[in-house]
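Undergrad: Structure below; questions to follow.
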Amino acid sequence: MTRIITYNLRLNGRDSDDYYRTVAAFADHWLAGVLSDGDVCQIIARIRADRQKRGEPDRSDAEYAFEMLALGVLLRQHGGEAARLPGWWLRVQRWLVDWQVRWPAAEATLKQWRGWLNGLSVRFGGPPADREDVRRLIAWLRANGETAKAGRLEQWQRWLNSEPAKGAEVVAVSNALAADFAAAGAEALNSFTTGVECFLADCAPNYRARYDAAFVSRSRLEYHLGMLGTELLSRAYRARFLATRRRIVIVPPCLRAQPEEKCQAVATPLGARCGHCTPTCRVHQITRLGEKRGFEVYSIPDELRVFAAGTGRADVGVVGVACALTNWGGGWEMESAGVPAQGLLLDYVGCNLHWDEKGIPTDTNLRKLEEVVMGQKTLLEG
């Protein structure tokens, strides 16, 4: 039996079909409620008008509403820490993240330095100056490598800077959305995240001096945000994705059956291509499905910017398979690069980068994957 570390989409022990039905129904219910809120609709109308005036591309009401929710949740979860940490600490961490992208050969050393700074951060005591400081939250996100989320919130910050009197109102509405979502998300999705609290209590404290300390310490609320975000963003980008001719599925290395030293995948500019060494390997099975159905499959760790640049972005649609904490941010990252993306969650986590020292082969819903890539009517309804 697979060890469940944080979340698990397979409540019946076999597949994640029930999860996809549940999250789709929850997304419908959440959107209907939020988009009937007059304050939310007024804010959406104002930021839409500002973006149109600047000549920036518009987004759907659902996307704007989710961005407001994300702002509220991130302020609720990390606003205090962002305000408490000194500016120099945030700047140094951001430099290290940037250097890690530019000089991958030095990745191990740079991660050690980031971990040392994380360990040092526990010494910065005292109450936060302002838990609702959006600018500081953006700096905190960049310091933790969350560049796509920081970039999206920076668009809101630019608008708030142009209308400073509206800033407090937007933050208040976002915080109210987060509070309501905390209760509604728990009711709908708690059954899929039962392992998170145990991990936070027993394992996360051991990560305090690691580069990924903030990442693995996310609460159930952020897992629920990621689940909703993956569903809503996939809907928002669906039409553009289906209009593409070339479709690519990118999968994480944790899906493979063999450890890195035994895997026979072949390196390419877009990522590793399966070498078909192990028939039971999920990457092998997805690659065979792609050969049959006409899509490409590449395995990459976690650097989407390099992948997006390599596609050439001409008539390409991407399906990203990733965990609940990272998938929605990947959707924003690909969208900012001009690549319409669809998200599919891992059914559970297990990579050796974050969750298990040796690594646990993970899995995803192959039937749902085929539906997403090929644009078929879902087989999971009913």
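Undergrad: So for segment 91-103 (the condition being modelled with pLDDT of 90 or more and over 23 Å from H354 (Cβ atoms)), does at least one residue qualify?
TA: yes
Undergrad: Which of the residues that make up segment 204-220 are open to solvent by less than 50 Å² (accessible area, probe 1.4 Å), among the hydrophobic types (A, V, I, L, M, F, W, C) and in contact (Cβ under 8 Å) with a residue 60 or more places away in the chain? Outline the logic, then answer.
TA: Just the residues of segment 204-220 that are open to solvent by less than 50 Å² (accessible area, probe 1.4 Å), to begin with: 204-205, 207, 211-216, 218-220.
Okay, now just the ones that are also among the hydrophobic types (A, V, I, L, M, F, W, C), so 204, 213-216.
A213, A214, F215, V216 - these are the residues of segment 204-220 that are open to solvent by less than 50 Å² (accessible area, probe 1.4 Å), among the hydrophobic types (A, V, I, L, M, F, W, C) and in contact (Cβ under 8 Å) with a residue 60 or more places away in the chain.
Undergrad: If you go through segment 267-281 one residue at a time, do you hit one that is part of a helix (DSSP H, G or I) and under 17 Å from L346 (Cα atoms)? If you could, list the steps in order and put the result at the bottom.
TA: If we filter segment 267-281 for residues that are part of a helix (DSSP H, G or I), which is where we start, we get none.
The answer is no; no qualifying residue exists.
Undergrad: Looking at this structure, is E163 over 20 Å from G87 (Cβ atoms), surrounded by fewer than 14 Cβ atoms within 10 Å (Cβ to Cβ), acidic (D, E) and in contact with a helix residue (DSSP H, G or I) (Cβ under 8 Å, 6 or more places away or on another chain)?
TA: Against the criterion (over 20 Å from G87 (Cβ atoms), surrounded by fewer than 14 Cβ atoms within 10 Å (Cβ to Cβ), acidic (D, E) and in contact with a helix residue (DSSP H, G or I) (Cβ under 8 Å, 6 or more places away or on another chain)), E163 qualifies.
Undergrad: While we're here: When segment 342-362 is examined, which residues are found to be modelled with pLDDT under 95, open to solvent by less than 30 Å² (accessible area, probe 1.4 Å) and closer than 23 Å to F295 by Cβ?
TA: T362
Undergrad: OK, next. Kindly evaluate R235 against the criterion of being assigned to a helix (DSSP H, G or I) and open to solvent by 20 Å² or more (accessible area, probe 1.4 Å).
TA: It is true that R235 is assigned to a helix (DSSP H, G or I) and open to solvent by 20 Å² or more (accessible area, probe 1.4 Å).
Undergrad: Given R135, R158, R123, R114, which one is farther than 29 Å from G331 by Cβ and either crowded, with 19+ Cβ neighbours inside 10 Å or of a type in the set (K, R) (or both)?
TA: On the way: R135 fails: farther than 29 Å from G331 by Cβ; R158 fails: farther than 29 Å from G331 by Cβ; R114 fails: farther than 29 Å from G331 by Cβ.
Testing whether each residue is farther than 29 Å from G331 by Cβ and either crowded, with 19+ Cβ neighbours inside 10 Å or of a type in the set (K, R) (or both) leaves just R123.
Undergrad: Name every residue in segment 182-203 that is touching a residue at least 24 places away in the same chain (Cβ under 8 Å) and either assigned to a helix (DSSP H, G or I) or closer than 17 Å to E231 by Cα (or both), in order of residue number.
TA: If the condition is that a residue be touching a residue at least 24 places away in the same chain (Cβ under 8 Å) and either assigned to a helix (DSSP H, G or I) or closer than 17 Å to E231 by Cα (or both), then A182, A184, G185, A186, A188, L189, N190, S191, F192, T193, V196, F199 are the ones that fit.
Undergrad: While we're looking at this one, here's another question. Would you call V249 touching a Ser or Thr at 6+ places or on another chain (Cβ under 6 Å), outside any loop (DSSP other than H, G, I, E, B) and open to solvent by less than 20 Å² (accessible area, probe 1.4 Å)?
TA: Details: touching a Ser or Thr at 6+ places or on another chain (Cβ under 6 Å): no; outside any loop (DSSP other than H, G, I, E, B): yes; open to solvent by less than 20 Å² (accessible area, probe 1.4 Å): yes.
Against the criterion (touching a Ser or Thr at 6+ places or on another chain (Cβ under 6 Å), outside any loop (DSSP other than H, G, I, E, B) and open to solvent by less than 20 Å² (accessible area, probe 1.4 Å)), V249 does not qualify.
Undergrad: Evaluate the following for A201: is it open to solvent by 60 Å² or more (accessible area, probe 1.4 Å), over 28 Å from A65 (Cα atoms) and among the small types (G, A, S)? Talk me through it step by step, then tell me what you get.
TA: Details: open to solvent by 60 Å² or more (accessible area, probe 1.4 Å): yes; over 28 Å from A65 (Cα atoms): yes; among the small types (G, A, S): yes.
In short, yes.
Undergrad: Do the conditions hold for R142, that is, is it of a type in the set (K, R), assigned to a helix (DSSP H, G or I), within 24 Å of L221 (Cα to Cα) and in contact (Cβ under 8 Å) with a residue 40 or more places away in the chain? Even if it seems obvious, please write down each step before you answer.
TA: On the way: of a type in the set (K, R): yes; assigned to a helix (DSSP H, G or I): yes; within 24 Å of L221 (Cα to Cα): yes; in contact (Cβ under 8 Å) with a residue 40 or more places away in the chain: yes.
Considered against the rule, which asks whether it is of a type in the set (K, R), assigned to a helix (DSSP H, G or I), within 24 Å of L221 (Cα to Cα) and in contact (Cβ under 8 Å) with a residue 40 or more places away in the chain, R142 comes out as yes.
Undergrad: Also: Does at least one position in segment 169-177 carry a residue that is over 22 Å from F215 (Cα atoms), over 17 Å from the mean Cα position of the chain (by Cα), open to solvent by 30 Å² or more (accessible area, probe 1.4 Å) and at pLDDT below 95?
TA: Scanning segment 169-177 turns up at least one residue that is over 22 Å from F215 (Cα atoms), over 17 Å from the mean Cα position of the chain (by Cα), open to solvent by 30 Å² or more (accessible area, probe 1.4 Å) and at pLDDT below 95.
Undergrad: Continuing with the same structure: Kindly provide the set of residues from segment 252-267 that are open to solvent by 40 Å² or more (accessible area, probe 1.4 Å) and touching a helix residue (DSSP H, G or I) at 6+ places or on another chain (Cβ under 6 Å), ordered by number.
TA: R256
Undergrad: Going by what's in this entry, would E81 be described as open to solvent by 60 Å² or more (accessible area, probe 1.4 Å) and in a helix (DSSP H, G or I)? It would help to see each step written out before you state the result.
TA: Details: open to solvent by 60 Å² or more (accessible area, probe 1.4 Å): yes; in a helix (DSSP H, G or I): yes.
So E81 fits the description; yes.
Undergrad: What are the residues in segment 11-59 that are among the hydroxyl-bearing types (S, T, Y) and surrounded by 15 or more Cβ atoms within 10 Å (Cβ to Cβ), if any? Steps first, answer last, please.
TA: To start, the set of residues in segment 11-59 that are among the hydroxyl-bearing types (S, T, Y) comprises 16, 19-20, 22, 36.
Across segment 11-59, the qualifying residues are S16, Y19, Y20, T22.
Undergrad: Would a scan of segment 268-275 turn up a residue that is open to solvent by 40 Å² or more (accessible area, probe 1.4 Å) and touching an Asp or Glu at 6+ places or on another chain (Cβ under 9 Å)?
TA: Of all residues in segment 268-275, those open to solvent by 40 Å² or more (accessible area, probe 1.4 Å) come to 268-269, 273.
Filter once more, so that each one left must be touching an Asp or Glu at 6+ places or on another chain (Cβ under 9 Å): 273.
Yes, the conditions are met somewhere in segment 268-275.
Undergrad: Right, next: Pairs under 6 Å by beta carbon, first residue within 18 Å of S217 (Cβ to Cβ) in segment 319-334, partner basic (K, R) and not in a strand (DSSP E or B), six or more apart or different chains?
TA: Pairs that qualify, where the first residue is within 18 Å of S217 (Cβ to Cβ) and the partner is basic (K, R) and not in a strand (DSSP E or B), are L325/R218; G329/K149.
Undergrad: For segment 255-281, name all the residues that are under 23 Å from V316 (Cβ atoms) and touching a residue at least 24 places away in the same chain (Cβ under 8 Å). Let's see the steps before the verdict.
TA: Of all residues in segment 255-281, those under 23 Å from V316 (Cβ atoms) come to 255, 265-274.
Result: L255, A265, T268, P269, L270, G271, A272, R273, C274.
Undergrad: Kindly evaluate E146 against the criterion of being farther than 20 Å from A25 by Cα, of a type in the set (D, E) and surrounded by 15 or more Cβ atoms within 10 Å (Cβ to Cβ). Before the answer, list the steps.
TA: Numbers: farther than 20 Å from A25 by Cα: yes; of a type in the set (D, E): yes; surrounded by 15 or more Cβ atoms within 10 Å (Cβ to Cβ): yes.
Yes, satisfied.
Undergrad: In segment 23-69, what residues are in a helix (DSSP H, G or I) and more than 22 Å from E163 (Cβ to Cβ)? Don't jump to the end; show me each part of the working.
TA: If we filter segment 23-69 for residues that are in a helix (DSSP H, G or I), which is where we start, we get 23-34, 38-53, 61-69.
Hits for segment 23-69 are V23, A24, A25, F26, A27, D28, H29, W30, L31, A32, G33, A62.
The values are calculated or read from the model by the stated rules, or taken from the named source; none is laboratory data. Just so we're clear, the structure is a prediction, and the values are computed from it rather than from any experiment. Reconstructed Cβ throughout: ideal geometry from the backbone, glycine too, with neighbour counts over all protein chains shown. Remember, those area values only see protein heavy atoms, side chains included, never the ligands or the DNA or RNA. Shrake-Rupley method; radii C 1.70, N 1.55, O 1.52, S 1.80 Å.
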